[in-house]
Structure formats: C-alpha cells, structure tokens
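Peer 1: Please see the structure below; I have some questions.
Read-outs: derived from the displayed coordinates by stated rules, not from any lab. On a predicted model such as this, the values are computed, not experimentally measured, just so you know. Cβ placement follows ideal geometry from the backbone for every residue including glycine, while neighbour counts extend to all protein chains displayed.
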Amino acid sequence: MKKDEKYTKIANTLITLMQKAKFSFSKITEPLWSKEEEKILLDIVACLEEKGTLVQLEGEYYTLGNLFSKLKEFTLEKLQSKGEITVEDLREEFSLSRKNSKLFFKACDRLHITKDNGFESARKPYPKLDETE
C-alpha cells in the first residue's frame, strides 16, 4: 500500500487512540471514519499488523503490539508459575475487564500460547508436541 498523507493520518489516529485506551480494547471501526477513510482502513490495519504495530485479538478488535507483548509476557510467567492464567490475574495486574481478558485469551488460543480448558475465565498452557492431552 502506498504510504501517502491519508495513510499516515489514519495510521497515526489509530495508534494514538489505542495508546490512550491502553488495555481497554475497541473495534477499529468504532472511531468515526469518513467514507473515503473507511475504504482504505483495512489495508492500513493489515500493513500495521504485518509490521507488528498492531495485533488482532478477535474480529475487528486490535491492540498495539507492545501492549500485547506485555500481556503475553505476564501470561507466560503465570502459566510457568501457576499452570494457568485467569481473568482475575489480568484484572489485578492490568485492570483488564472480563470482556477484554476474553478477547486476549482468544488471541492467545489462536497463537497456541494458551488452550481453552472449558472455563472461559481461565486458560492452561498450550500443550507441546511431546505432551498428550
């Protein structure tokens, strides 16, 4: 995608909104975009995702790559020390709501970091190839 003035404006707006929101995730289409901006929004998001600036949580929900890394690092530490990560762990450390914790869990499941163990409020580590379920 050509990185022109429109690209820069939309990319900067997205990043600024996500920086302000921190761990309160919202849909990328929630800010009011003009019809012209909406036409190129998904291409811009794809470029930012490819660079690691954005990480898709689920559907239209995205977060900044550096915020996702903080959540991921904390999750890996909890999985190592406790054998699971819970919504409560994320709430205590990051003030993450239940809804946003579940969005993060879905991304971790998709990336094979965690595995749904039947309880929507907790996750276990994703099994390694040499482990049986």
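Peer 1: Just list whichever of Lys27/Lys78; Lys72/Lys124; Lys102/Lys124; Lys51/Lys78; Lys9/Lys39 have alpha carbons separated by over 23 Å in the model shown.
Peer 2: Numbers: Lys27/Lys78 28 Å; Lys72/Lys124 13 Å; Lys102/Lys124 14 Å; Lys51/Lys78 28 Å; Lys9/Lys39 14 Å.
Result: Lys27/Lys78; Lys51/Lys78 exceed 23 Å.
Peer 1: For Phe119 and Ser24, compute 0.36 nm times the residue count separating them, minus their Cα-Cα distance, and round to one decimal in nm. Before the final figure, lay out the partial values.
Peer 2: Values: separation 95, 0.36 × 95 = 34.20 nm, distance 2.22 nm.
Stretched fully, the Phe119-Ser24 segment lengthens by 32.0 nm.
Peer 1: Quick check on the stretch 66-125: take the gyration tensor over C-alpha atoms, sort the square-rooted eigenvalues as a ≥ b ≥ c, and tell me if it's rounded (a/c under 1.5), prolate or oblate.
Peer 2: On the way: a/c = 1.19, a/b = 1.12, b/c = 1.07.
The shape class here is rounded.
Peer 1: What is the calculated FRET efficiency for Asn66 to Glu37, with r their C-beta to C-beta distance and R₀ = 25 Å, to the nearest 0.05?
Peer 2: Details: r = 24 Å, r/R0 = 0.98.
The value I calculate is 0.55.
Peer 1: If you don't mind, there's one more thing I want to ask. Using the reciprocal of the averaged 1/r over all distinct C-alpha pairs, how large is the Kirkwood radius of the stretch 5-64 in Å?
Peer 2: 11.5
Peer 1: Still on this structure, I have one more. So I have (1) 89, 40, 22; (2) 50, 31, 21; (3) 46, 35, 20, and one of them is Cα extents along the principal axes in Å calculated from this model. Which one is it?
Peer 2: Answer label, from the structure shown: (2).
Peer 1: I've got another one for you. Test of understanding: what is the full-extension gain from Thr16 to Glu84, defined as 0.36 nm times their sequence separation minus their Cα-Cα distance?
Peer 2: Numbers: separation 68, 0.36 × 68 = 24.48 nm, distance 3.25 nm.
Between Thr16 and Glu84, full extension yields an extra 21.2 nm.
Peer 1: May I ask you to list the chymotrypsin sites (Phe, Trp or Tyr not before Pro) in the stretch 1-76 that are in a DSSP loop and have at most 16 other Cβ atoms within 10 Å of their Cβ? Working shown, then result.
Peer 2: Numbers: sites: Tyr7, Phe23, Phe25, Trp33, Tyr61, Tyr62, Phe68, Phe74; in loops: Phe23, Phe25, Trp33.
Answer by residue number: Trp33.
Peer 1: What are the ³J(HN,Hα) couplings of the stretch 87-101, residue after residue, when phi is run through the Karplus curve with 6.51, -1.76, 1.60 and θ = phi - 60°? Round to Hz, x for glycine and proline.
Peer 2: 3J(HN,Hα) across the stretch 87-101, in whole Hz: 4, 4, 4, 5, 5, 5, 7, 10, 6, 7, 5, 4, 4, 6, 4.
Peer 1: Let me ask something additional. When the chain is fully extended, how far beyond the present Cα-Cα distance does Tyr126 get from Glu58, taking 0.36 nm per residue of separation? Please report the intermediate quantities before stating the final value.
Peer 2: Details: separation 68, 0.36 × 68 = 24.48 nm, distance 1.83 nm.
Using 0.36 nm per residue and subtracting the Cα-Cα distance, I get 22.7 nm.
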